[in-house]
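Visitor: Supplied in structure tokens, the structure appears directly below.
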Amino acid sequence: MNKNDWYNTESWYDPLRQEPELVSASIQKPQKKTGWKRWQGGIALALVALLLVSSSLLFGGRGGGEKPGNAPKAKSDKLPDDWTDFFDQYYTDVETDVAEINISQSELYPGFELKLEKAEGEPMDLKQLYEHCVESVVAITGYNSGATGYYWGTGVILSEDGLILTNTHVIAECDRVTVALYDDSSYEATLVGADTISDIAVLKIEASGLPVATFGESGTLSVGDHVAAIGNPLGQTFRSTLTDGIISAIERGISYNGHSMTLLQTNTAINEGNSGGALYNMYGQVIGITNMKMMSTYSSIEGIGFAIPSATVRTVVNSLVRSGEMRGRPAIGITVGEIPKDAGNNYKEIPPEGLYVSSVTEGTDAAAKGIQHRDIITEANHTPVKTTEDISKIKDQLQVGDTIVFTIWRNGEIMEIEVVLMDLNDVYGG
């Protein structure tokens, strides 16, 4: 990943931590959750490499890689003597971890299917939307027996009999989770399935006759469309808060937990505690699940929030309820980064344009076939690749078990290596 990005997300991916006493009017920065440092560390590192570029990815995690942006600045006036050392300093491995969730496991629900519906009728005003949708939004409270206080987030009702959608990071490391409905009734939740890569989890409570959210088609959205969010920012005091804004970007590529996600960007106010909540179109349909925002220790950042598109949510949810995990995403098992154009100004011997392999995951076909750290990938399936998006577009047209032929430059020699795509869940874990 590029070490020179000036923005970070210091605290966003901590679920909002609430101490037993009430939250005061002057909101303090929540303390970091100590029980999940390993998972949190991977997220923090990955989010530093936020890719503010368009992407065609559908799922989080399709092929590792970071977009470098500007050429690195040396810590001293002297650059490394060898370009390979230069790149090893430029890119660091992104930790890829799986959220550990210790709550009781639920049975699977293979008969359930989340469907996306077309928008019909007239759009609602904000008052109508809130009245129509608020009861299908719930509060998620997570407990860790080894920590004081609790962790707070939002969820959306998927079925009348108690399937609940939220973010995986909200319930990570928890050994007990409760779900509070709009009428303040509270239920113990069990886990149907969770996916770290897409940040989507499905819970189950024993209830009936619940108001179910309607999901719309995120693929029909355009920049400038009016949207609204309902969630539980900053704790119990501000539960069921409505905010509104517009869609700022449709396919925003984000590096998250060592993988790439494609998210909706919005200027709708989203804060800690909103995680797992709904982003609506003006027909009252969920078109995204809010899960992160931009933050910085160096500069004020306002109005840059993100949501998982409903098209992604549908695919992941339907896999989780059937098998308890997300299956079917192709992965190569390599982490790649672009070669800065400025690098050629500093070294006489510089590799051709392409993608620098900063790491290869053990146990993958890429490792077995001999792709190595410091290789330069110049082509994939005989198509030149210069950006991480180039290689992702090729991979995303294929399925698990298909092959990609990589043209590799290594120490001045050109070779071709054919790699079988594996299930991403098998490569990195869920």
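The values are calculated or read from the model by the stated rules, or taken from the named source; none is laboratory data. The structure displayed is predicted, hence computed values, not measured ones. Because the Cβ atoms are built from the backbone with ideal geometry, glycine has one as well, and the counts that use them run over all protein chains shown.
Visitor: Can you pull out the residues in region 131-158 that are out of contact with any helix residue (DSSP H, G or I) (no Cβ under 9 Å at 6 or more places or on another chain) and farther than 22 Å from F238 by Cα?
Guide: Selection gives S145 alone.
Visitor: Continuing with this model, one more query. Residues in region 129-145: is at least one of a type outside the set (S, T, N, Q), assigned by TED's automatic domain parsing to the domain that holds N271 and assigned to a loop (DSSP other than H, G, I, E, B)?
Guide: no
Visitor: List pairs: first in region 379-390 and farther than 15 Å from V357 by Cα, second at pLDDT 90 or above and polar (S, T, N, Q), Cβ under 9 Å, 6+ apart or cross-chain?
Guide: So the pair list comes out as N381/T403; H382/T407; P384/T378; P384/T407.
Visitor: Let me ask something else about it. Taking region 275-300, which residues are modelled with pLDDT of 95 or more and either among the hydrophobic types (A, V, I, L, M, F, W, C) or more than 16 Å from the chain's Cα centre (by Cα) (or both)?
Guide: Within region 275-300, A278, L279, Y280, N281, M282, Y283, G284, Q285, V286, I287, I289 qualify.
Visitor: Given the criteria surrounded by 17 or more Cβ atoms within 10 Å (Cβ to Cβ), at pLDDT 65 or above and either in the same structural domain as I171 (by TED's automatic domain parsing) or over 28 Å from I254 (Cα atoms) (or both), does L108 qualify?
Guide: Numbers: surrounded by 17 or more Cβ atoms within 10 Å (Cβ to Cβ): no; at pLDDT 65 or above: yes; either in the same structural domain as I171 (by TED's automatic domain parsing) or over 28 Å from I254 (Cα atoms) (or both): yes.
Considered against the rule, which asks whether it is surrounded by 17 or more Cβ atoms within 10 Å (Cβ to Cβ), at pLDDT 65 or above and either in the same structural domain as I171 (by TED's automatic domain parsing) or over 28 Å from I254 (Cα atoms) (or both), L108 comes out as no.
Visitor: Which residue pairs have Cβ atoms closer than 6 Å, lie 6 or more positions apart in sequence or on different chains, and pair a first residue in region 346-361 that is not assigned by TED's automatic domain parsing to the domain that holds T378 with a second residue that is in a loop (DSSP other than H, G, I, E, B) and modelled with pLDDT of 80 or more?
Guide: none
Visitor: Moving on. Quickly run through region 250-270 and pick out the residues that are at pLDDT below 90 and outside any strand (DSSP E or B).
Guide: Passing the criteria: N257, G258.
Visitor: What number of residues in region 389-410 are in a loop (DSSP other than H, G, I, E, B) and modelled with pLDDT of 85 or more? Talk me through it step by step, then tell me what you get.
Guide: So in region 389-410, the residues in a loop (DSSP other than H, G, I, E, B) come out as 396-402.
Then keep just the ones that are modelled with pLDDT of 85 or more; that gives 397-402.
Residues that pass the stated criteria total 6.
Visitor: Also: Tally time: how many residues in region 227-243 are of a type in the set (S, T, N, Q), modelled with pLDDT of 90 or more and more than 15 Å from E135 (Cβ to Cβ)?
Guide: 1
Visitor: Sort out for me the strands (runs of 3 or more DSSP E) sitting completely within region 160-207 that have 1 or more residues that are among the hydrophobic types (A, V, I, L, M, F, W, C), out of contact with any His (no Cβ under 8 Å at 6 or more places or on another chain) and crowded, with 20+ Cβ neighbours inside 10 Å.
Guide: Details: elements: 163-166, 176-180, 186-188, 190-195, 200-204.
Hits in region 160-207: 163-166, 176-180, 190-195, 200-204.
Visitor: Looking at V313, V321, V212 in this structure, which one is under 27 Å from Y151 (Cβ atoms), under 15 Å from the mean Cα position of the chain (by Cα) and modelled with pLDDT of 95 or more? First the steps, then the outcome.
Guide: Numbers: V321 fails: under 15 Å from the mean Cα position of the chain (by Cα); V212 fails: under 15 Å from the mean Cα position of the chain (by Cα).
The conditions single out V313.
Visitor: Applying the selection to region 350-388, what residues are among the β-branched types (V, I, T) and either crowded, with 21+ Cβ neighbours inside 10 Å or part of a strand (DSSP E or B) (or both)?
Guide: Within region 350-388, V357, V360, T364, I371, I376, I377, T378, T383, V385, T388 qualify.
Visitor: Considering only residues of region 138-159 that are of a type in the set (A, V, I, L, M) and either surrounded by fewer than 19 Cβ atoms within 10 Å (Cβ to Cβ) or out of contact with any Gly (no Cβ under 6 Å at 6 or more places or on another chain) (or both), which is farthest from E217 (Cα to Cα)?
Guide: A147
Visitor: Can you name every residue in region 335-356 that is among the hydrophobic types (A, V, I, L, M, F, W, C) and either modelled with pLDDT of 90 or more or over 17 Å from S392 (Cα atoms) (or both)?
Guide: Across region 335-356, the qualifying residues are A343, I350.
Visitor: Continuing with this model, one more query. Inside region 187-209, can you point out the residues that are among the aliphatic types (A, V, I, L, M), within 18 Å of E113 (Cβ to Cβ) and more than 13 Å from the chain's Cα centre (by Cα)? I'd like the intermediate steps shown before the answer.
Guide: At the first step, the residues of region 187-209 found to be among the aliphatic types (A, V, I, L, M) are 189, 191-192, 194, 197, 200-203, 205, 207.
Still in the running and within 18 Å of E113 (Cβ to Cβ): 192, 200-203.
Matches in region 187-209: V192, V202, L203.
Visitor: Taking only pairs six or more apart or across chains, which ones have beta-carbon atoms under 7 Å, a first residue in region 222-249 that is assigned by TED's automatic domain parsing to the domain that holds N167 and in a loop (DSSP other than H, G, I, E, B), and a second residue that is acidic (D, E) and surrounded by 19 or more Cβ atoms within 10 Å (Cβ to Cβ)?
Guide: P233/E272; L234/E272
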